[in-house]
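The values are calculated or read from the model by the stated rules, or taken from the named source; none is laboratory data. Since this is a predicted model, take the numbers as computed values, not measurements. Positions of Cβ are generated from backbone atoms using ideal geometry, with glycine treated the same way; all protein chains shown enter the neighbour counts. Remember, those area values only see protein heavy atoms, side chains included, never the ligands or the DNA or RNA. Shrake-Rupley method; radii C 1.70, N 1.55, O 1.52, S 1.80 Å.
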Amino acid sequence: MTKTATLLFLLLSLFVASAADTNGQADLSKSLGDAHRSDTREYTRRADAAMDQWRADRFGIMIHWGVYAIPGGWWNGQEVKYAAEWIKVGGHVPAADYDALLPQFNPTNYHPQAWAKLFKAAGAKYVVITTKHHDGFCLWDSKFTDYDIGGTPWKKDLLRPLAEALRAEGIDVGFYYSIIDWHHPDFRAVLKTAADEAAYARYIQFMKDQIKELLTEYGPIMTLWFDGRWDPAYKTNPQIGKDLEAYCRSLSPGLVLGDRVRAYDSVADYDSGFERRLPKRKPETDWEACMTMTENSWGYHASWTGAGWKTPRYLCELLTRCSAMSGNFLVNIGPRADGTIRPEETQRLEHMGRWLAVNGEAIYGTEAGPALELPDGIYATRRGNRVFIHVYRWPDTDKLKLKGLNITSATLLTGHGPQPVVVENGDTISGLAQSPPDDIATIFALKVK
Ligand code: FHN
């Protein structure tokens with residue numbers, strides 16, 4: 001690629017970088033007004049066991065890991081004010097200098113079994129790891145490129161031991177795969193010439209070849225999480241996404257696919273557009289919110305120390321809010337280059353897990369609770385005839401009125417094991433203690449008519 005073309009591409013990528021999928025959906029929501037996109041886009045709700053499992057999982061962990069963890073958001077002594085995984089574009093790093101990171105990538109402290117045990121302790125039911133992010137570096141030894149783990153001192157496949165460790169802990173496996181590939185010579189963000197079209201066709205075949213490796217050589221994969229659909233080459237040619245989706249499903253019939261495999265024109269199995277934000281009201285489709293623990297950086301960023309980290313309580317409230325709107329919550333971590341996970345992340349995951357160990361039945365396998373007029377900080381989920389009331393803001397009286405419910409019995413889940421609570425008039429929990437039994441949230445499990 002000539003210097004001018006490279007500069008143009010980097011400038012374009014720079015522009016779309018801040019855009020990203022959130023902006024893609026913003027354009028869309030702009031064109032559709034305030035109505036949530038899925039109210040108007042074509043969508044068919046899946047009613048099969050594989051999709052039901054995805055729904056029941058409710059809580060997942062996303063992992064952004066790659067050579068970008070080496071610079072950790074800094075380049076030539078300067079902090080790059082950009083998401084750490086975008087440093088090649090955000091930091092205007094020459095390709096040769098970025099490629100020189102491969103010989104430094106040697107995760108000697110990578111212990112996939114320990115990772116899987118941490119995710120289990122966190123209460124996560126699925127994990128989505130970046131197999132290849134926009135920089136094109138692959139965490140497995142792909143037959144179709146040398147720009148992968150095989151080209152590092154580590155050499156060994158990073159995905160297989162993690163997938164096996166996750167399954168040993170009963171955690172579903174998901175792979176993230178970037179449509180954008182800043183390294184592959186045939187990738188194009190825009191198609192201007194016949195040569196571009198030919199190159200991009202080769203690149204699409206490359207993606208299919210890699211996807212086949214990922215979907216057929218690593219055991220059962222619950223979900224393939226596509227990303228990077230916003231460039232014109234992809235989003236103005238919806239058939240590409242439709243063909244890619246059909247190819248994925250031909251390889252793995254029960255595979256769950258978010259809508260980022262498509263070109264914004266319709267929802268696949270769920271709406272994956274909620275990035276670092278939740279919907280204002282319950283979408284009509286299945287959906288998932290992916291969330292950083294810090295500001296907008298998904299890969300390891302050395303400067304993220306204290307300010308801006310979401311607390312465990314806030315992360316649990318986001319999880320509750322997702323479940324209370326029948327959606328999934330995917331919280332992200334960015335491991336260091338050596339394979340360690342920073343304490344700010346492990347502490348939050350472990351704290352979430354302690355709460356879920358007691359209250360998880362109010363999250364897993366649930367969907368939005370009955371439409372109640374609930375005070376701020378109080379949410380409802382349901383499973384069958386059981387309604388779970390999640391109290392993040394403790395009432396200042398000893399009563400909690402739940403208008404519209406006909407409660408036949410109620411137990412306090414949180415604290416020291418289920419305890420019966422008094423119900424008045426079929427809609428009021430009374431006898432509340434002066435302060436809540438838990439520093440995160442208190443769950444009441446109700447039987448309702
Ligand atoms: O550009 C990526 C970004 O680096 C990160 O992977 C997020 C995660 O959802 N997705 C894109 C931005 O929408």
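The table below lists the values:
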quantity: Which listed residue is open to solvent by 10 Å² or more (accessible area, probe 1.4 Å) and under 24 Å from Gly241 (Cβ atoms), from Ala96, Ala195, Ala114, Ala100; calculated: Ala195
quantity: Test: residue in region 357-373 that is surrounded by fewer than 18 Cβ atoms within 10 Å (Cβ to Cβ) and free of Cβ contacts under 8 Å to residues at least 12 places away in the same chain; calculated: no
quantity: Of all residues in region 77-93 being touching a helix residue (DSSP H, G or I) at 6+ places or on another chain (Cβ under 9 Å) and open to solvent by 50 Å² or more (accessible area, probe 1.4 Å), the one that is modelled with the highest pLDDT; calculated: His92
quantity: Segments classed as strands (runs of 3 or more DSSP E), wholly inside region 381-449, with at least 3 members that are within 23 Å of Ser326 (Cα to Cα) and open to solvent by less than 30 Å² (accessible area, probe 1.4 Å); calculated: 386-391, 407-412, 442-448
quantity: Index of the failed condition, Glu288 passing every other in (1) among the charged types (D, E, K, R); (2) modelled with pLDDT under 95; (3) in contact with a Phe, Trp or Tyr (Cβ under 7 Å, 6 or more places away or on another chain); calculated: (2)
quantity: Single residue of Gly219, Gly228 found to be within 18 Å of Leu139 (Cβ to Cβ) and under 20 Å from the mean Cα position of the chain (by Cα); calculated: Gly228
quantity: Out of Leu319, Leu278, sole residue that is closer than 24 Å to Arg382 by Cα, out of contact with any Pro (no Cβ under 9 Å at 6 or more places or on another chain) and buried (at least 20 other Cβ atoms within 10 Å of the Cβ); calculated: Leu319
quantity: Among the candidates Asp48, Asp57, residue that is more than 16 Å from the ligand (Cβ to nearest atom), modelled with pLDDT of 50 or more, surrounded by fewer than 17 Cβ atoms within 10 Å (Cβ to Cβ) and among the acidic types (Asp, Glu); calculated: Asp48
quantity: Qualifying residue in region 195-212 (condition: touching a residue at least 40 places away in the same chain (Cβ under 8 Å) and outside any helix (DSSP H, G or I)); calculated: no
quantity: Scope region 434-449; condition among the polar types (S, T, N, Q) and over 32 Å from the mean Cα position of the chain (by Cα); matching residues; calculated: Gln434, Ser435
quantity: Subset tally (residues that are among the β-branched types (Val, Ile, Thr) and under 19 Å from Asp439 (Cα atoms)) for region 394-411; calculated: 2
